[in-house]
Amino acid sequence: MEPAPRLENYMRERCKHAPASLSVKARLIAFDAMFAESQFHGWTLHALNTLCQHTHALITVSYGTEGSHVIARLKAAASRELHVVGYFKDTPIWTKGGNASEIRTSGYFYRVYNYILNSQTDEPIAELDEINE
C-alpha cells in the first residue's frame, strides 16, 4: 500500500488545531498505553506504529465492537498517559474520529500489516513479537 496524498490532505483539512508532533519518548508512551489498552479489552494487537503525527494499528476485536469505539479507547489511553507525564496538557493531540476498516482476507491483512510496520516514514518503535516474548 502506497502513501495516499489525497487522504493525507483530507485528514489535514479536518484538523482544527496545529498538528501535534510526538517525540520518540512521547511515541513510546503512546505505544505502551495503546498496547495496555488493547490487552485490557482482550483485543489482539497484530501491529502498532505510533508515528510523529499519527498512529496505525491492526487489531482483532470481538464481533460487534465498533471501530470508532476502539479508536476512541486507544486515543483516550494514550492521551491519559501523555498528560500524566506533562505532554500536551493544554494542546489537543488527536483529530476527531479516525479510520477503521474491516479486513476480510488474509492477503489484505498482510498488506496492511506490512504497510503499518514497513511503509512509514518513521521507524516502528518496536516489533510486537519482541514485546510479546
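Local charge sum around K89 (other residues, Cβ-Cβ under 13 Å, Lys/Arg +1, Asp/Glu -1)?
Within the 13 Å Cβ shell, the charges total -1.
Could you sort 76-83, 37-44 so that the peptide with the highest average Cβ count within 10 Å comes first and the rest follow in order?
The packing order, highest mean first, is 76-83, 37-44.
Across the range 36-53, in residue order, what do the Karplus-derived ³J(HN,Hα) couplings come to in whole Hz, using 6.51 cos²θ - 1.76 cosθ + 1.60 with θ = phi - 60° and x for Gly and Pro?
5, 5, 4, 5, 4, 8, x, 7, 8, 9, 8, 8, 8, 9, 8, 9, 4, 10
Since every read-out is calculated from the coordinates, none of them should be taken as a lab result. This is a predicted model, so every value here is computed, not measured. Note: ideal-geometry Cβ built from the backbone for every residue, glycine included; neighbour counts use all protein chains shown.
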